[in-house]
1. If we scan the range 442-457, do we find a residue that is acidic (Asp, Glu), closer than 27 Å to LEU130 by Cβ and under 25 Å from the mean Cα position of the chain (by Cα)?
2. Anything in the range 198-240 that is under 24 Å from ASN487 (Cβ atoms), touching a Pro at 6+ places or on another chain (Cβ under 7 Å) and among the aliphatic types (A, V, I, L, M)? List them, or say none.
3. Within the range 364-384, how many residues turn out to be surrounded by 18 or more Cβ atoms within 10 Å (Cβ to Cβ) and out of contact with any Phe, Trp or Tyr (no Cβ under 9 Å at 6 or more places or on another chain)?
4. How many residues does the range 362-418 contain that are free of Cβ contacts under 8 Å to residues at least 60 places away in the same chain, more than 21 Å from CYS442 (Cα to Cα) and outside any helix (DSSP H, G or I)?
5. Quick check, is PRO516 modelled with pLDDT of 95 or more, exposed (fewer than 15 other Cβ atoms within 10 Å of the Cβ), not aromatic (Phe, Trp, Tyr) and not assigned by the TED database to the domain that holds LEU309?
6. If only one of ALA571, ALA586, ALA525 is at pLDDT 95 or above and either part of a helix (DSSP H, G or I) or not charged (D, E, K, R) (or both), which one is it?
7. Which of the numbered conditions does LEU59 fail, given that it passes all the others? Conditions: (1) of a type in the set (A, V, I, L, M); (2) modelled with pLDDT under 95; (3) touching a Pro at 6+ places or on another chain (Cβ under 8 Å); (4) under 21 Å from GLU285 (Cβ atoms).
8. If I filter the range 175-194 down to residues being closer than 23 Å to GLU256 by Cα and of a type in the set (A, V, I, L, M), which single residue comes out as nearest to the ligand (Cβ to nearest atom)?
Amino acid sequence: MLFCVSQAPDYEPTLPVSEKTNPLTRDIDQASASSIVKMLKACDTQMFQEGAGRTYQRLFSDQVITTMMEVAKRVEVILKDPEDSLIVLSGCGTSGRLAFLLGSGFNKELRKMNQNPIYFYIIAGGDRALFSSQEAPEDDPHLGTLSLKKICEGKKRVLFVGISCGLSAPFVAGQLEFCLQHPDVYTPVLIGFNPAHQARDEHIPGCSFTFCSVVQRMQEFAKSQKAFLINPAVGPEAISGSSRMKGGSATKILLEIVLSAAHAATFSHTPVTYKGILQHMRAYEATVDMTYAQSEGITTLVEAAGQSLRCGRSVCYLGWGSLALLALIDASECHPTFGAAYKDVRGFINGGYRDLNNSEGALTSLGPEFGIAHEDFLHSFLPSLNDQDIVLLIYTHSDDVSEVVKLARRVREKTSNLHAVYHQSDGDPAASLQQEDISKLCLSTLDFTWSSSASGCLLHMWELSTKLVLNAVSTGAHVLKGKIYRNHMIDVQVTNSKLYHRATRLLQKLSGCPEPQCEEVLLKAVYQVEELSMDITSSDITRHTHAARNTTQVVPLALVCLLTGCSLMEAKSHIKRQPIIREAVAVIIDMS
Ligand SMILES: O=P(O)(O)OC[C@@]1(O)O[C@H](CO)[C@@H](O)[C@@H]1O
């Protein structure tokens, strides 16, 4: 994959920050649950490292805070005069899911004040991508443009926020390019976590622009505030390239600060200030610290979830409100990141689609993985539950805690492996008796008590905290299951061009073979053939990534072939004998 690198960064110079390996987690695959949590804590703490003297902008950089203020003021203008206006949040995968979460949350705020909703979300692949992995649409810039045009038809003013953690998704590049062509209506804002010069510079089929060239034009437009870039580096991900983790957290932090500041300026006469933004950022930093202060409790969950996955059983999140949405988001990422089956990590939300307000409505007819309500859990999951499955209750004191107690009792009849993650603010004794009941039913309870006087919206802090806990649980559990090699996604799906290039790069790194050879073997694994036909070699990446949707363990198979020179058939039987991918690969790497 090409990136326009004009300044040589310290290490892995050809890779942007979001794709680099993090030295802090080099040995995460060999670590105990408690060391895994320590490493994740160290990685998340990196988000807030100050930038003085560094090459890259960071969250606290002057430029970042200033641009956040400018964008907040644009939002304020729209909130004060919403006629014919829209604020659109768009992204692929986790970035699109967070667009949905944020848009829904801030629309809810508006409704509470009898205002019309103004936020719209776009996710590549449509609503099914909210709860399942749909990687291919990320590569389609035309689809991005079309979906934007469709929802903005007839509008006179649109603030478009394109989120691409790696500054890489063609879907978002297409939308930004469209905005730049229509500056009379559209003001584009780009959120991502690489310096601008590291934006992806790979040719996009059918387009005259790349993500990098779009970023360069945005930088030009930014000089006259016709476009905005908010792109601090937050350090490499704990699992290389897994931007659902810090990338997702930082997206949530940045946008919540910007939108909250605009809402406060519009509805509570609190002007947008530099100091206010800074203070809000500090509140998120404190939230990360507060969360990891309970590392022991998080470790217990990681250990238990890892145990469940290791014996082929499930991790099940039973959540309430927006925390449940974060659980659904976390679960949906496990397939592309770890090659997990949808049953491995499942999320359920009270009220199901009824309360979600997603634009396409209920998706239950699409298949069992789209059954996301607690009722679906009761009908399809509960009957086969046993002690090897772990169930996590995720809620706050503002939810109907008596419902939590009821559900906890039902679960407890089937499994003792029940745990709770619970948020409350200090001085709220109302739910404490019921909470005691729940704690008695659970093997462990992570009880977060937050100071109600802290700055920032408590719900936003609870959400971030929950996201960190769940990311730790699902990542840690898959690490313990052997789904990570060093700190790489060894079983990554190659279902879009970014993942395809990531896989080729990983094969090169681990096998030491040249790129063409790695790609050749990768293709053999994708198409499940021992020899590549002309038809295959003359096809483009789009076809390869399409074919990859139907195959599993592509990268492990290719790696075994590269390291041993064996056939695909032999590689398959090797992996069958040693189904723990990390060990299957480690054995051969140690021998070679
Ligand atoms: O466009 P971005 O935000 O850089 O990347 C989006 C994405 O490819 O990356 C994530 C995981 O790596 C997925 O959620 C999603 O599909």
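1. Looking through the range 442-457, none of the residues is acidic (Asp, Glu), closer than 27 Å to LEU130 by Cβ and under 25 Å from the mean Cα position of the chain (by Cα).
2. Hit for the range 198-240 is ALA233, nothing else.
3. Total satisfying the criteria: 1.
4. So the answer is 4.
5. Values: modelled with pLDDT of 95 or more: yes; exposed (fewer than 15 other Cβ atoms within 10 Å of the Cβ): yes; not aromatic (Phe, Trp, Tyr): yes; not assigned by the TED database to the domain that holds LEU309: yes.
Against the criterion (modelled with pLDDT of 95 or more, exposed (fewer than 15 other Cβ atoms within 10 Å of the Cβ), not aromatic (Phe, Trp, Tyr) and not assigned by the TED database to the domain that holds LEU309), PRO516 qualifies.
6. Values: ALA571 fails: at pLDDT 95 or above; ALA586 fails: at pLDDT 95 or above.
Exactly one residue qualifies, and that residue is ALA525.
7. (2)
8. Checked the range 175-194; the qualifying residue nearest to the ligand (Cβ to nearest atom) is ILE191.
The values are calculated or read from the model by the stated rules, or taken from the named source; none is laboratory data. Bear in mind that the values here come from a model prediction, so they are computed numbers and not experimental data. Using ideal geometry, Cβ is built from the backbone for each residue, glycine included, and neighbour counts are taken over all protein chains shown.
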